[in-house]
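Only the coordinates and a few stated rules stand behind these numbers; no lab work does. In this text, all values refer to a predicted model and were calculated from it rather than measured experimentally. Counting neighbours? That spans all protein chains shown, and the Cβs are built from the backbone with ideal geometry, glycine included.
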Amino acid sequence: MWLANSNRALGSARTSVRFVAWLLVPLYLLGVLALYTAFIYAPTERVMGEVQRIFYFHVGAAWTAFLAFFFVFLGGVIYLMRRNVFWDYLAAASAEVGVIFTTIVLVTGPIWARPVWNTWWPWGDPRVTTTLVLWLIYVAYLILRNSLGEGEKRARFSAVFGIIGFIDVPIVWLSIRWWRTIHPVVITKTGASLEPEMVQALIVSVATFTVFYIALMCLRLAMHLHNSAAEEMAQAVRERSE
Amino acid sequence: MNNLKLIWWLALKDLKIEYRSRQAFLTTLFFAVLILIIFNFAFDPGSNATREASPGILWVALLFPGIIQLNRSFQSEVEEGTLQGIVLSPVDRGVFFLGKFMANWLFLVAIDMLILAAFVVFFNFTLSGGLLWVLLLMVLVGIGFTAVGTVFAAMVSNIRIREVLLPILLFPIIVPIILAAVNGTREVLIHNDFSTLFRWMQLLIAFDVIFLAAGFLVFDYVVGE
Amino acid sequence: MANPSLPLVRLTGLTKKFGAVSAVRNLNFQIHRGDFVAIFGPNGAGKTTLLKMVAGLTSPTSGEVKFEGDRSARARAETGYVSHQTLLYNELTGRENLLFYARLYGLDGGADLADSMLSRVGLAEARNLMVRGFSRGMKQRLTLGRALLHEPRLLLLDEPYTGLDQHGSRLLTRLLGTLRAEGRTVLMITHNLAEGLELSTRVMILHRGKLAHQARQEELTRSALENLYFEIVER
């Protein structure tokens, strides 16, 4: 079932945007709360100092980066089952937002790692390197989409790649972990004990990022739906003018 | 319809075509040897550091030509539309996948063996039993690489930038088997550590099984229209 | 379950869109056993897309293609397809190509079948020559052989006369005449109004993805068809 009716696409887009509108207030409040808890409420970490506060945003972004990829996978699977392009747009929107969050993780990581571990990039750490591979898969997904024109072929291929990528990520994580245990990397798990306030700040941050992801993803989804509807209408005009 | 025979006939068709021109085999082989040679100029040939790094060099020399061959494997199908010929027939898409996979994998293993010989010569390794283990690694890595690679090669076969797109799609996915390949080779040839080798092989086998099954199942979505 | 009293192929609400562009729109048509349908239409009318959907090469965006009520992909085994591309392997000989296809379609005695088909299309002499060395006419004949190898109930031809010389054209017309006499079901896209009309039992005119007109061959003279065609196209 294709979105043959541009009105239906517009309707879905409208619902999506309205949903985001509802999220704006909670998002704003959460955002303020997150900033407060991260910078003021949570105590300064003894060993690492102030730079540790980046940890809250880093983890928040990392969680959403992987959550987004789950939706890329899910959108692909449902598309292949139902052949409704809405799910393909959802997967694409999720990928577009996901890659941004993954980039945030990869940028905040080294900023935190260098002063604490004296290295920009701890290759042996499975979380770090898996996130890098996730980023590569995201980018590959988007490049693939970009090189194919609008249509069911692009949706099909994206879905297949998304599924293969999703199956692969846990295997990547495992393989890097084995790699690390064989070559013990200099970085040992920082025995940073998390005080309760820190845990709370972390939860707030994760919640904020999740809502932020949902909002952004719905906006991108609405944009894809709008584009699709616009293209349908333009095509209708072209045909009538022939 | 005997599916196993079909897989063999499909593979045989590709191998026959390859044999007729022999162009791909020789140029791919040449390219791989070239990479080995270039790395010998890039690194200090005698040093210990280079020796430690040599498994990585070996696998780079195998992977890049492997990608080129994957792309070519579908060019013959795009040329005169022969892909349509197979899709039109009652042959199961999964069977078609396995046929292509088999041809690609056999081709790859053949090249791998010759490159290993060149590698031993250029990097001064002694002929030992360890080499047989490396061959086994090549066989296993070849399966995972070819399984995922065949799916992606089919996808990009009609895209203009396929030469650069295939590695972009494939390399992130095969990171685990690259790790297994390089580390496994290093353990066996340089450190003589078999327990670690076996652990990596377990990972390889798991990867192979998972992605061979995945390729079989999704191929319908890739070649059907 | 195949039911012989139903039409051989039934197209219901068949639609194909590429992105926003509709190549085929809501097409309804029935093909009966023994029909020889000539499909006419200007470029971009959706003829090739329609044929590909009937062949099973392209899946419709909506609507369906039914074979005697049976919707399964087994119907692929009953269909032969000839298009602009030869679907032949240049690096294999004529014989090897046919043998390969015989195996694809699960036919017993592949080697003998290949040999007899080669004779039928007049290529017995060239059987061990690689297709790369064939002339255009030879390739076209081998393609027909490939399409007919598995005795398909339904034969789909996409502008088979393109690029054929006199000799090849004559051979093709003769072959098609034989198929018609044998009562095979054929769908043929052609730009050649005269040839198409003469060979066919029914005529379809496609325009902008829609079925603009259909008629039985007896109902039309050549000039009537021409007038009708240009009237539709200029609409």
I need the P(r) histogram for segment B:143-206: all alpha carbon pairs, bin width 5 Å from 0 out to the longest distance, whole percents. 4, 18, 22, 16, 13, 11, 8, 5, 2, 0
So for the pair residue C:28, residue B:217, with labels modelled 7 Å out along Cα→Cβ, what separation do we get in nm? 4.0
Partners for residue C:210 among lysines (Cα-Cα distance below 18 Å; same-chain residues under 8 apart left out): C:16, C:17, C:47, C:52
Cubic angstrom per residue, convex hull over Cα atoms of chain B: 123
Per the 1/(1 + (r/R0)^6) rule, R0 = 60 Å and r from the Cβ atoms of residue A:127 and residue B:127, FRET efficiency to 0.05 is 0.90
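When the convex hull of the Cα atoms of segment A:78-170 is projected onto a plane and the area is averaged over all directions, what value comes out in nm²? Can you show the working numbers first?
Numbers: hull surface 25.0 nm².
Orientation-averaged projected area of the Cα hull: 6.3 nm².
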Semi-axis lengths (Å, descending) of the ellipsoid that matches the C-alpha gyration tensor of segment A:1-100: 37, 18, 7
Under 17 Å from the Cα of residue C:66, which aspartates and glutamates turn up, not counting those fewer than eight places away in the same chain? C:35, C:78
Between residue C:125 and residue C:222, how high is the FRET efficiency from 1/(1 + (r/R0)^6) when r is the Cβ-Cβ distance and R₀ = 41 Å? Nearest 0.05. 0.60
What is the distance, in nm, between label points placed 7 Å from the Cα along the Cα-to-Cβ direction at residue C:191 and at residue C:21? 1.8
Across all Cα atoms of the protein assembly as shown, Rg and the largest Cα-Cα distance (Dmax), in Å, are 30.0, 96
Based on the inverse mean of 1/r over its pairs of different Cα atoms, what is the Kirkwood hydrodynamic radius of segment C:9-72, in Å? 12.2
Computed [θ] at 222 nm, helices only, for the protein assembly as shown once each DSSP H run of length n ≥ 4 contributes -39500 (n - 2.57): -23000 deg cm²/dmol
I need the calculated FRET efficiency for the pair residue B:41 and residue B:163, taking r as the beta carbon distance and R₀ as 35 Å, to the nearest 0.05. 0.90
Multiply the residue separation of residue C:135 and residue C:111 by 0.36 nm, subtract the distance between their alpha-carbon atoms, and state the gained length in nm to one decimal. 6.3 nm
Across chain C, what fraction of all alpha-carbon pairs, as a whole percent, falls in each successive 10 Å bin from zero upward? 8, 31, 35, 21, 5, 0
Just tell me, in residue order, which DSSP H segments of chain B are both 20 angstrom or longer along the helix axis (alpha-carbon based) and at least -1.0 in mean Kyte-Doolittle hydropathy. B:3-21, B:23-42, B:48-79, B:93-122, B:130-156, B:194-223
In segment A:131-174, if every C-alpha pair distance is counted and binned at 5 Å from zero, what percent goes to each bin? 5, 23, 30, 20, 12, 7, 2, 0
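Can you give the % of DSSP beta bridges in the protein assembly as shown that are antiparallel, to the nearest 5?
55
Roughly how many debye, to the nearest 20, is the charge dipole of segment C:101-189 about its Cα centre, given +1 on each Lys and Arg Cβ, -1 on each Asp and Glu Cβ, and no other charges?
Using Cβ point charges on Lys, Arg, Asp and Glu, segment C:101-189 gives about 160 debye.
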For chain A, what does the relative contact order come out to in percent, with C-alpha contacts under 8 Å and a separation of six or more? 38
Per-q log10 I(q)/I(0), segment C:85-147, q = 0.26 Å⁻¹ (Debye; single scatterer per alpha-carbon; no solvent): -1.10
